[in-house]
Amino acid sequence: MAILASELRQARNWSADAKGSIHDDATAGKLGFRGGTVAGSIHMDQFPPLLLGCFGERFFRDGALSLYFLNATVDRESVRAYAEEPSSGSTQVRVWMKREDGLDVSEGTASVGDASKSALRERDLRACDPGELRMLRTLPPGTLLGETKLRLGPERQRERIERGLCSGPLGWYTGPSPFGGPIAAPSALVELLWAPPTKALRPHVGEAVGLFGAIEVAHLAGPVFLDQTYTVTGQVVAVGQSPKTEYLWFDALASDSGGRGVASMRMLLRFMKASSPLYA
């Protein structure tokens, strides 16, 4: 099967100045990382140019990108995205990313139409009883994570592209697109769908340092346009733990002013045990 590959690009750590976060060199170093990490959502932007080759503009109408992150990268490390070329009639392909030296960064699937068989929808979430946990014990599956109206402005996306910080820039992100106006890149979709639910999580986890473990973004009735206001809701799917983290899977949905769901996300958030006083 033919393999599509992106250009080798240096991934940038947009949040290096976020003190106390996993993106801050000092904090990340204390937790055993080589430096402040590049958010997985930033790596997602490198895939759409490949996925346009797989599925055409349909990807932005009803396409999904589903990634599990295997190894963290730091600022300016070069990475390349890959996708299997779809066979005739195929609606889902395997995708992955590697660092320049061959280290696996992420793996998953991209699809159009039905995404129920995506990498993250098929994955064993390895859930546990919340009562076994310290940070996430008050977040059983089904916990609602609020409802928030949020404007998806064009300013941040345009600035990142103009500064050369987007790892897969498309003209459609800042100017006219086949759908009309500018549309959201995957990283912008993550920011829209991630912020309200994680704000609701903060009282439960305190100042514990978190990081993305996996992300799936899906266009339900896309594309998602910039400079519009959306209603975002979230719900806990599962909680669990590993030797170094407690983790939480949640789903989020963005709806337009008419109440129509336009995009969804499934996210795995990991919280470092070593950063929580509950593990002191």
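The values are calculated or read from the model by the stated rules, or taken from the named source; none is laboratory data. A quick note: this is a predicted structure, and the numbers were derived from the prediction, not measured. Don't worry about glycine lacking a Cβ; one is built from the backbone with ideal geometry, like all the others, and counts go over all protein chains shown.
Need the failing condition index for Ala195 against (1) part of a loop (DSSP other than H, G, I, E, B); (2) in contact with a strand residue (DSSP E or B) (Cβ under 8 Å, 6 or more places away or on another chain), just the number.
(1)
From the list Ile161, Ile183, which residue is touching a residue at least 24 places away in the same chain (Cβ under 8 Å) and of a type outside the set (Ser, Thr, Tyr)?
Exactly one residue qualifies, and that residue is Ile183.
Can you pull out every residue in the stretch 104-140 that is assigned to a helix (DSSP H, G or I) and in contact (Cβ under 8 Å) with a residue 12 or more places away in the chain?
The answer is Pro130, Glu132.
Could you tell me which of the residues Val95, Val79 is under 15 Å from the mean Cα position of the chain (by Cα), buried (at least 17 other Cβ atoms within 10 Å of the Cβ) and at pLDDT 95 or above?
Going through Val95, Val79 in turn, just one is under 15 Å from the mean Cα position of the chain (by Cα), buried (at least 17 other Cβ atoms within 10 Å of the Cβ) and at pLDDT 95 or above: Val95.
Does the stretch 9-16 contain any residue that is surrounded by 17 or more Cβ atoms within 10 Å (Cβ to Cβ), assigned to a strand (DSSP E or B), among the aliphatic types (A, V, I, L, M) and in contact with a Gly (Cβ under 6 Å, 6 or more places away or on another chain)?
no
For every residue, the table says whether it meets (1) over 24 Å from Lys19 (Cβ atoms); (2) under 14 Å from the mean Cα position of the chain (by Cα).
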site	(1), (2)
Ile183	yes, no
Leu193	yes, yes
Gly213	no, yes
Ala221	yes, no
Tyr230	yes, no
Val239	yes, no
Thr245	no, no
Asp256	yes, no
Gly261	yes, no
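Of everything in the stretch 237-248 that's hydrophobic (A, V, I, L, M, F, W, C) and surrounded by fewer than 22 Cβ atoms within 10 Å (Cβ to Cβ), which residue is nearest to Tyr173 (Cα to Cα)?
Filtering the stretch 237-248 down to residues hydrophobic (A, V, I, L, M, F, W, C) leaves 237-239, 248.
Narrowing the set further to residues that are surrounded by fewer than 22 Cβ atoms within 10 Å (Cβ to Cβ) leaves 237-238.
Values: Val237: 31, Ala238: 33 Å.
Across the stretch 237-248, the extreme among qualifying residues is Val237.
Does the stretch 142-154 include one or more residues that are free of Cβ contacts under 8 Å to residues at least 40 places away in the same chain and either assigned to a strand (DSSP E or B) or within 16 Å of the chain's Cα centre (by Cα) (or both)?
No, there is no match, as no residue in the stretch 142-154 is free of Cβ contacts under 8 Å to residues at least 40 places away in the same chain and either assigned to a strand (DSSP E or B) or within 16 Å of the chain's Cα centre (by Cα) (or both).
How many residues does the stretch 11-27 contain that are in contact (Cβ under 8 Å) with a residue 60 or more places away in the chain and within 18 Å of the chain's Cα centre (by Cα)?
Step one: of the stretch 11-27, the residues in contact (Cβ under 8 Å) with a residue 60 or more places away in the chain are 11-14, 20-22, 27.
Subsequent filtering for residues that are within 18 Å of the chain's Cα centre (by Cα) retains 11-14, 21-22.
So the count comes out to 6.
Yes or no, residue by residue, for (1) among the hydroxyl-bearing types (Ser, Thr, Tyr); (2) crowded, with 18+ Cβ neighbours inside 10 Å:
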residue	(1), (2)
Ala184	no, yes
Ser187	yes, yes
Leu192	no, yes
Glu207	no, no
Ile215	no, yes
His219	no, yes
Pro223	no, yes
Gln235	no, no
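For Leu165, work out the one condition from (1) at pLDDT 95 or above; (2) assigned to a loop (DSSP other than H, G, I, E, B); (3) not charged (D, E, K, R) it doesn't fulfil.
Only one criterion in (1) at pLDDT 95 or above; (2) assigned to a loop (DSSP other than H, G, I, E, B); (3) not charged (D, E, K, R) is unmet by Leu165, namely (1).
So that you can scan it fast, the table gives a plain yes or no per residue for (1) farther than 18 Å from Ala127 by Cβ; (2) modelled with pLDDT under 95; (3) part of a strand (DSSP E or B):
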position	(1), (2), (3)
Pro203	yes, yes, no
Gly213	no, no, yes
Glu216	no, no, yes
Pro223	yes, no, no
Pro243	no, no, no
